[in-house]
Amino acid sequence: MSELSVKHLLGIKYITTEDLHLIFETADHFKEVINRPIKKVPSLRDVTIANIFFENSTRTKLSFELAEKRLSADVVNFSAGSSSVKKGETLVDTVNNILSMKVDMIVMRHPDPGACVHLSHHVDASIINAGDGTHEHPTQALLDTYSLRKELGNVKGMNILIVGDIKHSRVALSNIFALQQLGANVGVCGPLTLIPKPIVELDVKVFSDLDKALAWCDVANMLRIQRERMDKSYFPSTREYVKHFGLDQQRLERLDKKITIMHPGPINRGVEISSEVADGDQNIILDQVENGVAVRMAVLYLLASKIEHYENNG
């Protein structure tokens, strides 16, 4: 059986194109599983997984928990808000205390970029990055690209646009890495204050006019404004943002083609996307959510196989 080239999923930039295809093939298998009457398999019956979230999360945390339970893993949930981290304990000490309870894998979300990479140098368990600051969110990019493959058949040569708060988005960076590995052309669009200057080094097309960007693209992935990461205002007002960068039905109808609409959630209806578009037939938003469980099952299963391989050959 093929296996991943990595022991951890720290970011898309650390994995190969072969890894991407293996994850997608494995996700196809698990998508069949979760659409059966009995949605559970015993694949990770002897594996214990700790979900450690130092930031609030609804969708990602629920999706991982469901994926873990569908695979029959033992699941431990850890909330930093009520932990010894509040008393000054270090990240490594906190995680080592959890690992001493014989935990095999860690799914971690942390506000600091690079926290998962730092942790991987200090612990033996397999680590999955569920979002680290403004750095990466690899499983979101995996489920986004997987959903596009299901919708379009192939993303090679396609023009994929990411719209919104690129500066503070870990989803944008992971998506750029994944889409480019699969041969897609990537563009970004938003207020220039929310597009980091170094992004041009990633061979990404930059738009400041949404209508021109939509005319170029085959797919538009709409991101929310991440106000919780902002220490100042990056545009005059929400009303101004909606006028220039909000996607509504009128904008879509002005195009001479049909494009696919995506959103990683949570949606701010009436800001980056109107309710009409969010509920319309051109978006694959709920497909993304469903596919997220299958993709995360695939990642967990493949990384657990690596742990078993290391133990057997250790």
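Coordinate-derived values only; no laboratory data. Worth saying up front: this structure is predicted, and the values here are computed from it rather than measured. Ideal geometry is used to build each Cβ from the backbone, glycine not excepted, and the neighbour counts take in all protein chains shown.
Within 10 Å, count the other beta carbons around each residue, average over each peptide in 93-100, 170-177, and list them highest first.
Descending mean neighbour count gives 170-177, 93-100.
Take peptides 246-254, 159-167 and line them up by average Cβ neighbours within 10 Å, highest first, as a rough protection proxy.
Result, highest mean first: 159-167, 246-254.
Can you tell me which aspartates and glutamates have their Cα less than 17 Å from the Cα of Lys243? Leave out same-chain residues fewer than eight positions away.
Asp165, Asp209, Asp211, Glu253, Glu272, Glu276
Would you work out which of Pro198, Ile267, Gly280 lies farthest towards the positive end of the dipole of region 138-284, given +1 charges on the beta-carbon of Lys and Arg and -1 on that of Asp and Glu, about the Cα centre?
Comparing the listed Cα positions along the dipole, Pro198 ranks first.
In whole Å, what is the distance between the alpha-carbon centres of region 236-301 and region 176-193?
16 Å
Might you report the magnitude of the Cβ-based charge dipole of region 138-284 about its Cα centre, with Lys and Arg at +1 and Asp and Glu at -1, to the nearest 20 debye?
Taking the Cα centre of region 138-284 as origin, the dipole is about 260 debye.
Just flag the trypsin sites (Lys or Arg not before Pro) in region 52-153 sitting in loop per DSSP whose Cβ has no more than 12 other Cβ atoms within 10 Å.
Lys102
About its Cα centre, what dipole magnitude does region 1-73 give when the only charges are +1 on Lys and Arg Cβ and -1 on Asp and Glu Cβ, stated in debye to the nearest 20?
The dipole of region 1-73 has a size of about 360 debye.
Could you work out how much longer the chain between Lys102 and Ala215 gets when fully extended? Use 0.36 nm per residue separation minus the Cα distance between them, nm to one decimal.
Roughly 35.4 nm would be gained on extension.
When the convex hull of the C-alpha atoms of the chain is computed, what volume per residue in Å³ does it have?
In the chain, the Cα convex hull volume per residue is 140 Å³.
Taking N as the number of residues in region 110-242, what is its alpha-carbon radius of gyration divided by 2.2 N^0.38 Å?
On the way: Rg = 15.6 Å, N = 133, 2.2 N^0.38 = 14.1 Å.
The reported ratio for this selection is 1.10.
What is the packing order of peptides 189-199, 34-44, 5-15, taking the mean over residues of other C-beta atoms within 10 Å and listing the highest first?
Details: 189-199: 17.4, 34-44: 12.6, 5-15: 19.8.
Taking the mean over residues of other Cβ atoms within 10 Å, the ranking is 5-15, 189-199, 34-44.
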